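Undergrad: Quick one: the structure is below, and I'll ask about it shortly.
Every read-out reported here was derived from the displayed coordinates using simple, explicitly stated rules and does not represent laboratory data. The structure displayed is predicted, hence computed values, not measured ones. Using ideal geometry, Cβ is built from the backbone for each residue, glycine included, and neighbour counts are taken over all protein chains shown.
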Amino acid sequence: MTTQNTRRDDAVDLENFKLSPDEVARIIAAAQREQSEVIFKIAATVFAKLAALVQAVFRPISRAFAQAGSFDLLSRMSDHDLADLGISRADIPDYVVRGPVADHNGTAISSLAGWTPGAAASNDRQRAA
């Protein structure tokens, strides 16, 4: 039939097709290189997606810890120090949630980590009263 004739015409005569051991080794080495490239691309893609997943999970947690720290730090400031930043005690939750606090000149304060409460900054006397 026609199907058999097509197969017969496209068939390769393997009896007369011989490769030297060097040619076989070269073909195997090329196949292994291509296989390694594919595996590397898959591993890189998996790693990138895993890194994105880890960031998506830990970014909100990190933000919550930072907000809690900022809230605690601002809460320990005296009313005078808060006024220097341009906020009142009632504004603390909004500023912690919305983002960086700005001083009275409008300059953003990205970190309050360097601030430590002094003797005049203690609110314990006011809370005890």
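Undergrad: Could you rank the peptides 61-69, 85-93 by their average count of other C-beta atoms within 10 Å per residue, with the highest value first?
TA: On the way: 61-69: 11.4, 85-93: 14.6.
The most tightly packed comes first, giving 85-93, 61-69.
Undergrad: Right, here's the next one. Between Phe17 and Ile61, how many nm apart are label points set 7 Å from Cα along the C-beta direction?
TA: 5.6 nm
Undergrad: Using the Cβ atoms and a cut-off under 13 Å, what net charge is assigned to the surroundings of Gly69, where Lys and Arg are +1 and Asp and Glu are -1?
TA: Working: positive: Arg63, Arg76; negative: Asp72.
Residues close to Gly69 contribute a combined charge of +1.
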